[in-house]
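The values are calculated or read from the model by the stated rules, or taken from the named source; none is laboratory data. These numbers were taken from a predicted model, which means no experiment stands behind them. Here the Cβ is made from the backbone with ideal geometry for all residues, glycine too, and neighbour counts use every protein chain on show.
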Amino acid sequence: MTKRDNPLYGLIGLSREDAAAAVGVSPTLFDEMVEDGRMPKPKRINSRKVWSRRAVEQAFDALGGPDEDDDRDRPTRVFA
């Protein structure tokens, strides 16, 4: 998939559902992450809540835990 095939490409403001999808979690877990400070709080535009894509990306980068390239989170292969 190219960047332009991604429906979030180019957006700077994300809905709750889109922000959750951007980090790969459910909207419910995203709400928990906002509440405990792992994800940013939204901006208010009239009555609508909108998350800054850049702020969500920065918060995601700051999350602890192994990265994709870290072999520690991969299961060990056992050969018989």
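What pairs come out if I take residues in the range 1-22 that are assigned to a helix (DSSP H, G or I) and pair them with residues that are modelled with pLDDT of 75 or more and aliphatic (A, V, I, L, M) whose C-beta lies under 7 Å away, six or more apart or interchain?
Pairs that qualify, where the first residue is assigned to a helix (DSSP H, G or I) and the partner is modelled with pLDDT of 75 or more and aliphatic (A, V, I, L, M), are Ala19/Val56; Ala22/Leu14; Ala22/Val56.
Scan the range 34-58 residue by residue and report those that are assigned to a helix (DSSP H, G or I) and touching a Lys or Arg at 6+ places or on another chain (Cβ under 7 Å).
Filtering the range 34-58 down to residues assigned to a helix (DSSP H, G or I) leaves 34-35, 53-58.
The one that is assigned to a helix (DSSP H, G or I) and touching a Lys or Arg at 6+ places or on another chain (Cβ under 7 Å): Val34.
Could you identify the single residue in Asp61, Asp31 that is assigned to a helix (DSSP H, G or I), in contact (Cβ under 8 Å) with a residue 12 or more places away in the chain and out of contact with any Pro (no Cβ under 7 Å at 6 or more places or on another chain)?
On the way: Asp61 fails: in contact (Cβ under 8 Å) with a residue 12 or more places away in the chain.
Result: Asp31 is the single residue among Asp61, Asp31 that is assigned to a helix (DSSP H, G or I), in contact (Cβ under 8 Å) with a residue 12 or more places away in the chain and out of contact with any Pro (no Cβ under 7 Å at 6 or more places or on another chain).
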